[in-house]
1. Can you list the HN-Hα couplings for the range 182-191, worked out from phi with the Karplus curve (6.51, -1.76, 1.60; θ = phi - 60°), rounded to whole Hz and with x for Gly and Pro?
2. Would you mind checking the radius of gyration and Dmax of the range 175-241 based on alpha-carbon positions, in Å?
3. Just from the alpha-carbon atoms, what are the Rg and Dmax of the range 88-219 in angstroms?
4. Taking 0.36 nm per residue of separation and subtracting the Cα-Cα distance, what length does fully extending residue 288 through residue 254 add?
5. Considering only 233, 75, 250, whose Cα is most displaced toward the positive end of the charge dipole of the chain, charges sitting on Cβ of Lys, Arg (+1) and Asp, Glu (-1)?
6. Take the alpha-carbon centre of the range 190-204, take the same for the range 120-186, and report the distance between them in whole Å.
7. Okay, which of the range 187-203 sit inside 20 Å, backbone N to the point 7 Å along the Cα-Cβ direction of residue 229?
8. Whole number please: convex hull volume per residue of the Cα set in the range 240-315, in Å³?
Amino acid sequence: MLHREIVDTTVLPPADRFGLWLDLVARTSAPMRISSAHDDDFAAHATFVELGPIHLVKYHYPSLQATRTAKLIRQSDPEVYMLALTTDGVGTSSQDGRHSEIRAGEFTFYNASRPHDVGHHATEPERARAASITTKIPHAALPLPPHRMAALFGGRMSGREGIGALLAQFLLQVTGHPEQYHAADAGRLGAVGLDLATTMLGRHLVAEDAVPTEVRRRALVTQVQGYIHRHVGDPTLSPRVVADAHHVSLRSLHRLFEAQETTVASYIRDARLARCRRDLADPALRTQPVQAIAARWGFPDKAHFSRVFRAAYGASPQAYRESTSDPARIVNRPASTVNSSPAD
C-alpha cells in the first residue's frame, strides 16, 4: 500500500484541536496565520500521501481563513507551489492582486514563497465541513518557465473537463483509495500526477509550447487510457473512435502507443478482458450468463470472446469461473491513525 499518514484532531480534547492543526500546517505545508470561528472545537482530518516528486493532502476541516505574510516567508520558505482542488464547500484564493472564488470541482494555484490569502467555507456551516485535495509541487519539479507562472497565481481552473477533469479524478482516486496501489508505485504515480498538473497549467498559460514535448506525450497517453477505461463497455470503441475523440490522427495515436509496448487495439482488448475476468470471479455475479458479462464489456460475439479469453488466460471463460468458485476470504485492514505531525 502507498505510504500515508492520517491526522484526526478529534482524538484530542476540543480545546487542543486547533493547536494541533496549526502545528500540522506549519510542518507539512508552510507556516500561516489561520483563524476560524470553530477554533474552540476544530474537528478536522487530513490524509497525507507521498508520491515521489509531489505530495498530496486530502483535507476535511471547518471553515477557516489563512494568510501567509512576507514575515512568515522569511522565517520558512519550502519553495513549493500549491495546486488545490476544492471538493466540498467554497474556497477563496488571493495572490499578486488576483482574487478568485473556488467552487467544488475547481482548482486554484498559488506560490507558497509569496504572500497570499486562502480561505475555505462549508456551504452548510452547521452540518458540514469544507474539503479539498492539495498537491504540493516543488518549484524545481515543475517543468514550466518560472517567470510565466505568476499569471496563474490566485486564479481558478476547471476540474470538470479535459485535462483538469483527468487530474481531479487522479487525485480523488489516489487519496481516496491508497490501499489499491503498491508502495513501489509511488514514484510512477507521482510522475503521472506531475505530468497532468504541468499540462493543465501549461494550457491555462495559453502556452502549451512551454510544456516539454515528453510531458505532453505522457499526459496524452494517460488521457487516452482514461478515455478507453471509461468507454470500454462500448462495443463500437476502436482506435479510430479514440483518435477522433482526442482530435489526433490515427497514425499519431499509434505512434503514441509505441512506447507503451502495445497497440491501441490490444490495450482496448486487454481492458475489456480484465473487466470480464473480474466479473467472472465475482460471487455476486455467479448467476449471470458468461455471454451477458462478455457483452457488457464490449464482446458481443460469443465465439470470439471465448477465443481471446482462452488466449489471454489459458482457460475458457466458464472454466475460469469454475476455478474461482471457492468462497473468497475478505480481510479488513483498518487504517492506522497518526496524531503526531508527520516528519518534515
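1. Once θ is set to phi - 60°, the couplings for the range 182-191 become 8, 4, 5, 7, 4, x, 5, 4, x, 5 Hz.
2. Rg and Dmax of the range 175-241, Cα atoms, are 14.5, 38 Å.
3. 15.3, 48
4. The residue 288-residue 254 span can extend by a further 8.6 nm.
5. So the residue furthest toward the plus end is 250.
6. Value for the Cα centre distance between the two parts: 10 Å.
7. 187-200
8. Numbers: hull volume 8.1 nm³, N = 76.
So the per-residue Cα hull volume is 107 Å³.
The values are calculated or read from the model by the stated rules, or taken from the named source; none is laboratory data. Note that this is a predicted model, so its numbers are computed, not measured. Cβ sites come from the backbone with ideal geometry, for glycine too, and all protein chains shown count toward neighbours. Note: accessible area is taken over every heavy atom of the protein model, side chains too, but ligands, DNA and RNA are not part of it. Shrake-Rupley method; radii C 1.70, N 1.55, O 1.52, S 1.80 Å.
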